[in-house]
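S.K.: Have a look at this one.
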Amino acid sequence: QVQLVESGGGLVQPGGSLGLSCAASRITFSRYVMGWFRQAPGKQRELVATVTSDGTTNYADSVKGRFTISRDNGKNTVNLQMTSLKPEDTAVYYCNAHSTWLDAWGQGTRVTVSS
C-alpha cells in the first residue's frame, strides 16, 4: 500500500515563505506524476502543482512565480517551496501520486497564512 507522508506545514505571516515535503514509500516513485493539491475551508480541493518523473512542472495560475515544486527520485520525495505567501494560500495541502492505475493521497498538512 502506497504511503505518502507530508511535513512542513504551519503558521506563517503574509509575504513569508514555507517549504513542504512529501516522503513516499511502497511505491516505484519514478513511475508517478507527483503533485500538491490544497483544500481551503468550504472549498473544493484544487491543484497547486505537479511534476513528472523527468522534471516537467505545471502550476496553478494562482501560484505561478511564487511556488516551486521539485522531486528527488533517489529519495522518493517531492517538495513544494512557497514564497510570497498570501492569506488565500491558507489550506490543507495534500501530496498526490498519480498514474493511470493509481491515485494516492497523503493525510495533508495545514498551512495558515495570517498576521
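The values are calculated or read from the model by the stated rules, or taken from the named source; none is laboratory data. These numbers were taken from a predicted model, which means no experiment stands behind them. Counting neighbours? That spans all protein chains shown, and the Cβs are built from the backbone with ideal geometry, glycine included. Heavy atoms of the whole protein, side chains included, go into the accessibility calculation; ligands, DNA and RNA do not. Shrake-Rupley method; radii C 1.70, N 1.55, O 1.52, S 1.80 Å.
S.K.: Of the residues L47, L4, L20, L80, which is among the aliphatic types (A, V, I, L, M) and out of contact with any Cys (no Cβ under 9 Å at 6 or more places or on another chain)?
M.R.: L47
S.K.: Next up: Go through (1) crowded, with 18+ Cβ neighbours inside 10 Å; (2) over 17 Å from W105 (Cβ atoms) for M34 and report which single condition fails.
M.R.: Failed condition: (2).
S.K.: Additional query: From the set of residues in segment 38-68 that are closer than 13 Å to G19 by Cα and not in a loop (DSSP other than H, G, I, E, B), which is most open to solvent (accessible area, probe 1.4 Å)?
M.R.: This residue is T68.
S.K.: Sticking with this one: Of the residues S25, S30, which is of a type outside the set (V, I, T) and touching a Ser or Thr at 6+ places or on another chain (Cβ under 7 Å)?
M.R.: Exactly one of S25, S30 is of a type outside the set (V, I, T) and touching a Ser or Thr at 6+ places or on another chain (Cβ under 7 Å), namely S30.
S.K.: Considering only segment 69-85, state which residues are part of a loop (DSSP other than H, G, I, E, B) and either among the aliphatic types (A, V, I, L, M) or exposed (fewer than 13 other Cβ atoms within 10 Å of the Cβ) (or both).
M.R.: G74, K75, L85
S.K.: Applying the selection to segment 1-22, what residues are open to solvent by less than 50 Å² (accessible area, probe 1.4 Å) and either over 17 Å from the mean Cα position of the chain (by Cα) or modelled with pLDDT of 95 or more (or both)?
M.R.: L4, E6, G8, G10, V12, G16, L18, G19, L20, S21, C22
S.K.: Could you check how many residues of segment 86-95 are closer than 21 Å to S25 by Cα and open to solvent by less than 10 Å² (accessible area, probe 1.4 Å)?
M.R.: The number of residues fulfilling the criteria is 2.
S.K.: Pairs needed: first member in segment 53-74, without any contact (Cβ under 8 Å) to a residue 60 or more places away in the chain; second member anywhere, in a strand (DSSP E or B) and charged (D, E, K, R); C-beta distance under 7 Å; at least 6 residues apart or different chains.
M.R.: Pairs found: A60/E46.
S.K.: With the requirement that a residue be within 16 Å of F29 (Cα to Cα), β-branched (V, I, T) and within 11 Å of the chain's Cα centre (by Cα), what does segment 42-76 give you?
M.R.: Listed by number, the residues that qualify are T50, V51, I69.
S.K.: Can you pull out the residues in segment 30-40 that are touching a strand residue (DSSP E or B) at 6+ places or on another chain (Cβ under 8 Å) and not hydroxyl-bearing (S, T, Y)?
M.R.: Passing the criteria: V33, M34, G35, W36, F37, R38, Q39, A40.
S.K.: Sticking with this one: Can you work out which of the residues in segment 96-112 that are outside any strand (DSSP E or B) and among the hydroxyl-bearing types (S, T, Y) is most open to solvent (accessible area, probe 1.4 Å)?
M.R.: In this case the residue turns out to be T100.
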